[in-house]
1. Convert 25 °C to kelvin, take the viscosity as 0.890 mPa s, use the Kirkwood radius over C-alpha pairs of the chain as Rh, and evaluate the Stokes-Einstein diffusion coefficient in µm²/s, rounded to a whole number.
2. Which of these, 45, 56, 66, has the largest mean-square fluctuation under a Gaussian network model of the chain (Cα springs below 10 Å)?
3. Putting +1 on Lys and Arg Cβ atoms and -1 on Asp and Glu Cβ atoms, find which of 17, 96, 84 reaches farthest to the positive end of the dipole of the chain.
4. Pick from 29, 85, 18 the residue whose mean-square fluctuation is largest in a GNM of the chain, springs joining Cα atoms under 10 Å.
5. On average, how much accessible surface per residue is there in the chain, in Å², for a 1.4 Å probe, leaving out ligands, DNA and RNA?
6. Which whole-number percent gives the relative contact order of the chain, counting Cα pairs below 8 Å spaced six or more residues apart?
7. Based on Cβ point charges of +1 for Lys and Arg and -1 for Asp and Glu, what charge dipole magnitude is obtained for the chain about its Cα centre, in debye rounded to the nearest 20?
8. Rounded to the nearest percent, how much of the accessible area of the chain (1.4 Å probe, protein heavy atoms only) is carbon and sulfur?
Amino acid sequence: QVQLVESGGGLVQAGGSLRLSCAASGSILSVSAMGWYRQAPGMQREVVAVITSGGRITYADSVKGRFTISRDNAKNTVALQMNSLKPEDTGVYYCNADVISYVGNRKVSPWGQGTQVTVSS
């Protein structure tokens, strides 16, 4: 079994910064893409940023130039540095990873429990 545990998040004023972290653990053989998603109240979950094991990065247009995703392949962790936060960045942020588990050599794609980010105006 593979678990993702997130940390960070909280309440910040517009223009402020927050850093989210996520660690994958369990029966991990390898991790390919890791990413962050968010869900605002009444909205569908959307991608924020994704990074592959090779370092290729994709950002949502709404966060380009403000958010930075990074990862430590040796530790199976991914972080999201969020600067110049806006009220519309408010939501629950989820970590996700594509993992090959050594249990049956199968691919799993677990989600973290989510962490609340609230940006006040």
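The values are calculated or read from the model by the stated rules, or taken from the named source; none is laboratory data. Predicted model, so just to flag it, every value in this text is computed and none were measured. When we count neighbours, we look across all protein chains shown, and the Cβ atoms used for this are built from the backbone with ideal geometry, even at glycine. The protein model used for the area step is the full one, side chains on, heavy atoms only, and it has no ligands, DNA or RNA in it. Shrake-Rupley method; radii C 1.70, N 1.55, O 1.52, S 1.80 Å.
1. Values: Rh = 14.4 Å.
My calculation gives 170 µm²/s for D.
2. Among 45, 56, 66, the largest GNM mean-square fluctuation belongs to 56.
3. Highest projection toward the positive end goes to 96.
4. Most flexible of the set in this elastic network: 29.
5. Numbers: 6260 Å² over 121 residues.
Result: 52 Å² of accessible area for each residue.
6. Working: 306 pairs, mean separation 44.5, N = 121.
Over the chain, the number comes to 37 percent.
7. Details: 11 positive and 7 negative charges, 39 e Å.
The calculated dipole for the chain is roughly 180 debye.
8. The computed percentage sits at 50.
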